[in-house]
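Read through the structure below, which is laid out as structure tokens, and then see the notes.
The values are calculated or read from the model by the stated rules, or taken from the named source; none is laboratory data. Because the structure is predicted, anything quoted here is derived from the model rather than measured. Using ideal geometry, Cβ is built from the backbone for each residue, glycine included, and neighbour counts are taken over all protein chains shown.
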Amino acid sequence: MSYRYYYTPTKPKEVEDGIKARSKRGAFASSWWAKQWISALERLVDKGRLSRGRSYARKGQVISVDEKKDGVLAKVQGSRRTPYKVTINITSLTDAQWEEVIDTLAEQAIFTAQLLAGEMPQDIEEAFEEAGASLFPKKRGDLETDCSCPDWANPCKHIAAAHYILGERFDEDPFLIFRLRGRTQDQVMSALRERRSGEDDFIEEKEADEEIIPLDESVSTFFQLAAPLGGFSVRIQNPAIKTPLLKRLGEANFVPKPGIEALLQSAYSRISEKAVELAYGEES
């Protein structure tokens, strides 16, 4: 006689103040880095549990998601009275790996500029690959999950629900993945500035050679040119990163989808183009 496991659907208890996913249908997350996190989950979970996990996330069954070292702790309300406890752990990179990653990032100024703007560089995975690591989980050993529910499968639908909500957190805070891998935003940025300090030292030395006149001695001539601007070179151009200020400020929770950045991006681009046109008398 053969036995088969049949899934008996259960109705979860409703949650009044749960964390409801912003996504109502279709794909979760909007940024490429958040989608990478979602992809890591979808490689590990069967389609049925993924579907139920998405439903739980959208209904607000996830009660809390709290960051901890190397991962997160979450509570997800199922069909039982007591919420299930979910843990999602991601392996931290070693100090040596982080040093190699930061060395690679420091070689390209655009990486530093994008990170300062609150954006995860599209090619950042290459820096991690050179260090023999990955920023996002790629194999089962990179991601450890556990749930207190009776489901024999791991990851279960409760883990999937917490994972989807966490994916939307990545949209808001791209540096969350850095922290889960063992480094804070401040640690990464400080290390990058230290690597690039040679260039900054050169600029500071050049500025130190200039004569500085105290303000109280130059009030009468403060708004006059100290030297002609004939040899002063100015290059006005569109920013390398689109809408860096909006990215730095983050999404406004009072603005409906597709969000403030998407709504204002065309206006910001047109303003930049017009500035270049006025500066040089031609279209950029």
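Of all residues in the stretch 46-58, one or more are in the same structural domain as Leu180 (by TED's automatic domain parsing) and of a type in the set (A, V, I, L, M, F, W, C).
Considering the stretch 95-120, and only residues there that are part of a loop (DSSP other than H, G, I, E, B) and not small (Gly, Ala, Ser), the residue that is surrounded by the fewest Cβ atoms within 10 Å (Cβ to Cβ) turns out to be Glu107. Evaluate the stretch 62-85: report whether one residue or more is out of contact with any Ser or Thr (no Cβ under 7 Å at 6 or more places or on another chain), closer than 30 Å to Gly132 by Cα and assigned to a helix (DSSP H, G or I). Scanning the stretch 62-85 turns up no residue that is out of contact with any Ser or Thr (no Cβ under 7 Å at 6 or more places or on another chain), closer than 30 Å to Gly132 by Cα and assigned to a helix (DSSP H, G or I). The criterion of being small (Gly, Ala, Ser), surrounded by 20 or more Cβ atoms within 10 Å (Cβ to Cβ), part of a helix (DSSP H, G or I) and in contact with a Lys or Arg (Cβ under 8 Å, 6 or more places away or on another chain) holds for Gly53. Within the stretch 246-276, being loosely packed, with under 13 Cβ neighbours inside 10 Å, assigned to a helix (DSSP H, G or I) and at pLDDT 70 or above holds for Ser266, Ala267, Arg270, Ile271, Lys274.
For Ile38, the requirement of being buried (at least 17 other Cβ atoms within 10 Å of the Cβ), part of a strand (DSSP E or B) and under 21 Å from the mean Cα position of the chain (by Cα) is not met. Taking the conditions exactly as written (within 31 Å of the chain's Cα centre (by Cα), surrounded by fewer than 19 Cβ atoms within 10 Å (Cβ to Cβ) and modelled with pLDDT of 85 or more), does Gly182 satisfy them or not? For Gly182, the condition - within 31 Å of the chain's Cα centre (by Cα), surrounded by fewer than 19 Cβ atoms within 10 Å (Cβ to Cβ) and modelled with pLDDT of 85 or more - is met.
Return yes or no: is Glu125 under 18 Å from the mean Cα position of the chain (by Cα), in contact (Cβ under 8 Å) with a residue 60 or more places away in the chain, assigned to a helix (DSSP H, G or I) and within 30 Å of Ser190 (Cβ to Cβ)? Can you show your working first?
Details: under 18 Å from the mean Cα position of the chain (by Cα): yes; in contact (Cβ under 8 Å) with a residue 60 or more places away in the chain: no; assigned to a helix (DSSP H, G or I): yes; within 30 Å of Ser190 (Cβ to Cβ): yes.
No.
For the stretch 38-67, give me each residue that is hydrophobic (A, V, I, L, M, F, W, C) and either in contact with a Cys (Cβ under 6 Å, 6 or more places away or on another chain) or within 18 Å of Lys139 (Cβ to Cβ) (or both). Correct list: Ile38, Ala40, Leu41, Leu44, Val45.
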